[in-house]
Amino acid sequence: MRPVESSELAELAERVARAAGDAVRARRPDGVPGTSTKSTVTDMVTELDRASEAIVVSSLLAARPDDAIVGEEGADLAGTSGISWLVDPIDGTTNLLYDLPGWAVSIAAADASGTVAAVVYVPTFGDLFRAVRGGGALLNGRPISCRDRGDLATALIGTGFAYRAEKRAEQGQLAARLLPLVRDLRRSGAAAVDLCSVACGRLDGYYEEGLAPWDLAAGALIAHEAGAVLTDLDGGPVRPASVLAAGPALHPPLLRLLRRLADEAIGGSAEEAAAGPPREAGDAAHPHVGAG
């Protein structure tokens with residue numbers, strides 16, 4: 001069998017993501033049928049999520065029947081080719097439900113060494129982010145790179161929140177303590193879009209806990225190939241449970257600050273957090289971006 005080229009996988013992912021995303025966008029004006037909940041009352045799934053995943057899975061299987069596929073809405077197919085696909089058919093379902101822009105179709109292909117090709121398609125904006133391992137990142141066919149400035153006070157930071165109310169409360173406390181120390185915070189509601197926003201300089205940094213592998217895989221490779229540094233929130237390898245992405249100059253001070261804020265007593269003030277330099281954490285390096 002001829003070895004698969006990463007560019008071929010990226011091209012396939014782009015075609016499939018566009019087909020699924022455009023189909024959902026065309027159906028959205030008629031409403032969002034079949035809405036139900038998953039892990040909590042705020043964790044939504046709709047008929048459009050399932051329809052998008054069906055398009056993605058059938059299209060990938062038609063082109064590459066021996067590949068494995070794992071999707072958020074239940075796809076779990078074993079493969080024999082050595083290539084596995086991680087699919088989030090709609091990242092940002094709540095945005096879709098409320099007819100807010102910014103939801104995306106996220107598709108990543110991985111081999112034994114990690115994610116090799118990635119596409120994130122944002123139909124409402126017409127943005128197609130694409131990357132191959134070692135080949136850089138593109139937005140609508142043009143090369144992109146992350147911002148490379150290290151001033152926390154002027155950094156625009158993205159984040160997201162868990163579905164469980166107790167975890168959201170903890171995350172909200174951290175965000176409240178971080179807010180006075182940076183330019184501002186943004187919450188788009190789609191992790192893949194946030195990672196791509198770091199990649200193209202729309203955000204200076206992004207952090208979140210509690211993602212799933214399909215939330216992370218495509219966006220992480222795109223951010224990495226755009227020059228961002230990705231780790232977990234302890235400075236170790238990036239993983240779905242813990243993600244920090246930022247430009248090389250910002251990542252070390254942002255990591256130290258987040259670690260300090262997380263370690264401080266809940267009752268402390270933002271002014272206390274700002275007093276004195278954060279304790280040192282190991283310098284982050286570009287991680288190996290895996291599939292999960």
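Brief remarks on what is shown
- Of all DSSP beta bridges in the range 152-274, antiparallel share, percent nearest 5: 60
- Separation of alpha-carbon centers, the range 117-147 and the range 160-206, rounded to whole Å: 21
- A262 versus A176: modelled label distance in nm, points set 7 Å from Cα along the beta carbon direction: 2.0
- Between G158, L221, S188, the Cα set farthest toward the positive side of the dipole of the range 152-274 (charges on each charged residue's Cβ, about the Cα centre) is that of S188.
- Across the alpha-carbon set of the range 6-143, the Rg to Rh ratio works out to 0.97, Rh being the Kirkwood radius.
- For the range 168-262, the gyration tensor built on C-alpha atoms gives a rounded shape. Its axis ratio a/c (a ≥ b ≥ c) stays under 1.5.
- When you restrict to C-alpha pairs under 8 Å that are six or more residues apart and normalise by the size of the range 101-235, the relative contact order lands at 31 percent.
- The simple spin-label model puts a point 7 Å past each Cα toward its Cβ; for A112 and R18 those points are separated by 3.4 nm.
- Angle between the chain longest axis and helix 251-263 axis [Cα atoms, degrees, rounded to 10]: 70
- Against the chain, whose longest principal axis is taken from its Cα atoms, helix 165-178 shows a tilt of about 50°.
- Label selected from [x] 41, 22, 21; [y] 32, 22, 16; [z] 35, 22, 19, the criterion being semi-axes √(5λ) of the Cα gyration tensor in Å as computed here: [y]
- Counting neighbouring beta carbons within 10 Å and listing from fewest to most, the residues V182, V57 come out as V182, V57.
- By average C-beta atoms within 10 angstrom, highest first, the peptides 59-68, 186-195, 226-235, 155-164: 186-195, 226-235, 155-164, 59-68
Readers should treat all values here as calculations from the given coordinates under stated rules, not as data from a laboratory. Quantities reported herein were computed from a predicted structural model and do not represent experimental measurements. Note that we place each Cβ from the backbone using ideal geometry, even for glycine, and neighbour counts take in every protein chain shown.
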